[in-house]
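Undergrad: Pasting a structure below so you can have a look.
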Amino acid sequence: MENTARVKSEEMVGRIDGRLMKNKVIKGIFLAATAFTTIILMVLLYRIISQGAPYLSWDFFQNFASRRPEQAGIKAAVIGTIWMMSVVIPTAAILGVGTAIYLEEYAKKSALTRWIQMNISNLAGVPSVVFGLLGLTIFVRVFGFGNTIIAAGFTMALLVLPVVIVASQEAIRAVPNELKEASFGLGATKWQTIYRVVLPYAIPGIATGSILAFSRAIGETAPLIVVGIPTFVAFLPSGYLDQFTALPMQIYNWTSRPQVEFHNLAAAGIIILLAVLILMNSVAVWIRNRFQAR
Amino acid sequence: MKTPNQDVSPVQQLLEKKYNGGFLNRREKIIPIVLFIMAAVSVLTTVGIVLTLIFETVTFFKDVSIVEFFTATEWYPFSNTDPVYGIWPLVLGTLKITLIASLFAIPIGLAVALYLSEYASTRTRKIMKPILEVLAGVPTIVYGFFALTFITPVLREIFPSLELFNAISPGIVVGIMIIPTIVSLSEDALSSVPEPVRHGALAMGSTKWETASKVIFPAALSGILASIVLGVSRAIGETMIVSIAAGSTPSAALDLTSSLQTMTSYIVQVTTGDAGFGTTIYYSIYSVGFTLFVFTLAMNMLAQFISKRFREEY
């Protein structure tokens, strides 16, 4: 009797050991996978910085594109990206916040509203290259803008619009109902309440989400290629109907050349692009943390 | 605020108030209309995309037979004498990349999601979240550069028979690109399984792995599947990585080590070249874009269907 009981408990202990062992091994594998993603990011950053950093000089910012790598610079691309974003940001922000206010505050729970909402979430899943085709047909050909800043800017604005809308909707939804009711109780109209109570409260959330969306527009390449933005530009634009080139286009152009020197230039361009994106992300995170305390 | 003027009669005050009320009323009526027009833009965008693709594809099919498009096994548009437009090689190219990306990203993505939601300390999670956010924010042009200048040379050291342009290197890098999507959505699904469910399993004597694999994972399955489908959809639509690292040779061979072309990289190849407006080649990018759009739309609808239909409610 006693003996069998001991054998059984020993068996159980043995099995528990096995189960705990399995748990440990699997935890180790999962940890390795997690570490792997971090290592990839480190390797990527290390490769790009070690390749590109020696090329970062004042001349690099001052020069235009050139067939000789030692003279090539990124001036036109940086300025072009700034021009393009000066179209993207106001367009996407106004349309995005407007749509979000409509959907959250005015729209009735009708089939039409649900349809608009479904539309927006499907739009977010459309590949960027397809947005490029839309831009090519509508802005470049039908509206006749050609491959200019305004055509590229509108295309990019439409691309990031769903992200801005969804972020703004979440921010507006998070406004406490009590605040709105208090405003109505004081005799404010609906728009006064939205403008003076809801929006100020929601702005940090809207800004955080929108900045992340805009940083996506800065890095997107495919729609610019399809719209027909040139890669070799040796002048600065002077208006919205001028041709231009943008950072990712310049990087793409340098990457697709066979010479290693141009790859190094591409890496230098990528450092600038990533620096801008990290800066924007930090601002977004800062806004989120600064206003989350409320 | 204006102080009430003693000299003005109550009637005048009332009139003034009514006038103000009228202005406010008009504003209250106009603003929803303006906002609705703004909301209509995103609907118009969808309509614009669909109509553009349909119209230009129809124009394309005036030159090229629709039967050839679906049945020919060759995509050879740049021939002057005898161009062939069979979509299959481009679809196959996209499938190759998507398959490699999925084989790479799904196991790693799920492992990371399970680690973060079931094993990791709060501190690890706090470190890992921003890292994944940065990975998600890296533009695809940067990933393309990384594939061509790092992953491909490394793979060619190991497998010397690998060509400069191949399916494996961009496939892996597309996988890296979609890992953050899979991790963040799966992790959301896993963490939304209520704590008491977890505690119950642990109190019965399960190890963490048994809890995770037999209780939490099945409960979060709908969200996890949806995250995978969305990741795959992004892989299908990915453009720059494949344009840079996979080459531009439409191929109907199943070989993974040689140059290929995907639907997306064909569009890029044509639009970077000099195909003039109005040529058959110009219209062909819309037929390819339409096919691509149908693929990704179907995947996105599937993801929405899965997360709605199979959601476990707590």
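Undergrad: If each DSSP helix of 4+ residues adds -39,500 (n - 2.57) and the sum is divided by the residues in chain A, what number results at 222 nm, nearest 500 deg cm²/dmol?
TA: Per the formula, -24000 deg cm²/dmol.
Undergrad: Leaving ligands and nucleic acids out of the surface, order A:58, A:254, A:83 by accessible area at 1.4 Å, largest first.
TA: Output order, biggest surface exposure first: A:58, A:83, A:254.
Undergrad: How many Å² of accessible area per residue for the stretch A:2-55, probe 1.4 Å?
TA: Per residue, the stretch A:2-55 has an accessible area of 71 Å².
Undergrad: For every other residue with a beta carbon closer than 14 angstrom to the beta carbon of residue B:92, add +1 if it is Lys or Arg and -1 if Asp or Glu, then tell me the sum. Display every interim value, and only then the final one.
TA: Details: positive: B:96; negative: B:74, B:255.
Local net charge: -1.
Undergrad: Report Rg/Rh for the stretch A:63-292, rounded to two decimals, where Rg is the Cα radius of gyration and Rh the Kirkwood radius.
TA: 1.06
Undergrad: Are there DSSP H segments in chain B that both extend 15 Å or more along their axis (alpha-carbon positions) and score a mean Kyte-Doolittle hydropathy of at least -0.5? List them, or say none.
TA: Length and hydropathy pass: B:10-63, B:88-114, B:122-137, B:168-191, B:221-237, B:280-309.
Undergrad: Show B:75, A:191, B:88, A:115 ordered by accessible area, largest first, where the area counts protein heavy atoms only and the probe is 1.4 Å.
TA: Sorted descending by solvent-accessible area, the residues read A:115, B:88, A:191, B:75.
Undergrad: In nanometres, what is the gap between the two model label sites at residue A:12 and residue A:113, each 7 Å from Cα along Cα-to-Cβ?
TA: About 5.8 nm separates the two model spin labels.
Undergrad: With 20 Å as the limit, write out which pairs from A:22/B:129; B:96/B:129; A:24/B:214 have Cα-Cα distances beyond it, or answer none.
TA: A:22/B:129; B:96/B:129
Undergrad: Another one. Could you check how much of the accessible area of the stretch A:2-55 is carbon and sulfur, as a whole percent, using a 1.4 Å probe?
TA: Carbon and sulfur: 69 percent of the exposed surface of the stretch A:2-55.
Undergrad: Run the accessible area of the stretch B:91-138 with a 1.4 Å probe and give the carbon-and-sulfur part as a rounded percent.
TA: Percent of accessible area from carbon and sulfur atoms in the stretch B:91-138: 69.
Undergrad: What is the calculated FRET efficiency for residue A:196 to residue B:43, with r their C-beta to C-beta distance and R₀ = 30 Å, to the nearest 0.05? Show your work: numbers first, answer last.
TA: Values: r = 29 Å, r/R0 = 0.97.
The formula returns an efficiency of 0.55 here.
Undergrad: Taking H placed 1.01 Å from N in the peptide plane, check which residues at least 5 places from residue B:75 or on another chain put their amide H under 5 Å from its amide H.
TA: It is B:86, by chain and number.
Undergrad: Over the C-alpha atoms of the protein assembly as shown, what are the Rg and the largest Cα-to-Cα span, Dmax, in Å?
TA: Cα-based Rg and Dmax for the protein assembly as shown come out at 27.7, 109 Å.
Undergrad: Is it possible to state the helix-based mean residue ellipticity at 222 nm for chain B, with each DSSP H run of 4+ residues giving -39500 (n - 2.57), the sum divided by total residues, to the nearest 500 deg cm²/dmol? What is it? Display every interim value, and only then the final one.
TA: Details: 13 runs with 217 residues, N = 314.
Calculated mean residue ellipticity at 222 nm is -23000 deg cm²/dmol.
Undergrad: Can you give the accessible area per residue of the stretch B:88-309, in Å², using a 1.4 Å probe?
TA: Here the residues of the stretch B:88-309 average 37 Å² of exposed surface.
Undergrad: Which percent of Cα pairs goes in each bin when the distances of the stretch B:88-309 are cut into 10 angstrom slices starting at zero?
TA: Over the stretch B:88-309, the share of Cα pairs per 10 Å bin runs 8, 29, 30, 20, 10, 3, 1 percent.
Undergrad: Something else now. Remind me, relative contact order of chain A in percent, using alpha carbon pairs under 8 angstrom and six or more residues apart?
TA: 25 percent
Undergrad: Rounded to the nearest 0.05, what FRET efficiency do residue A:257 and residue B:310 give with R0 = 35 Å and r taken as the Cβ-Cβ distance? Could you check? Mind showing how you got there, number by number?
TA: Working: r = 49 Å, r/R0 = 1.39.
The calculated FRET efficiency here is 0.10.
Undergrad: While we're looking at this one, here's another question. Note the buried accessible area between B and A here, summed over both chains, with a 1.4 Å probe, in Å² to the nearest 100. Walk me through the intermediate numbers first.
TA: Working: alone 18390 and 17250 Å², together 29210 Å².
The buried area between B and A, both sides summed, comes to about 6400 Å².
Undergrad: Label points 7 Å out from Cα along the Cβ direction at residue B:123 and residue A:29: separation in nm?
TA: Here the answer is 2.7 nm between the modelled labels.
Undergrad: Name the residues of the stretch B:124-147, by number, that are at least 30 Å² less accessible with every protein chain in place than in the isolated chain; the surface is that of heavy atoms, probe 1.4 Å, without ligands or nucleic acids.
TA: The answer is B:128, B:131, B:133, B:134, B:135, B:139, B:141, B:142, B:145, B:146.
Undergrad: In terms of Cα to Cα distance under 17 Å, which aspartates and glutamates are near enough to residue A:108, apart from those fewer than 8 places away along the same chain?
TA: Leaving aside aspartates and glutamates fewer than 8 places away in the same chain, those within reach of residue A:108 are B:28.
Undergrad: Under a point spin-label approximation (7 Å from Cα along Cα-to-Cβ), what is the residue B:161-residue A:278 distance to one decimal in nm?
TA: Between residue B:161 and residue A:278, the simple spin-label model gives 4.1 nm.
Undergrad: For residue B:202 and residue A:124, what is the calculated FRET efficiency with R₀ set at 51 Å and r taken between the beta-carbons, to the nearest 0.05?
TA: 0.85
The values are calculated or read from the model by the stated rules, or taken from the named source; none is laboratory data. Remember, it's a predicted structure, so these values are computed and weren't measured experimentally. Every residue, glycine among them, receives a Cβ derived from its backbone with ideal geometry; neighbour counts consider all protein chains shown. For the accessible areas, the whole protein counts, side chains as well, though only heavy atoms, and no ligand, DNA or RNA atoms are used. Shrake-Rupley method; radii C 1.70, N 1.55, O 1.52, S 1.80 Å.
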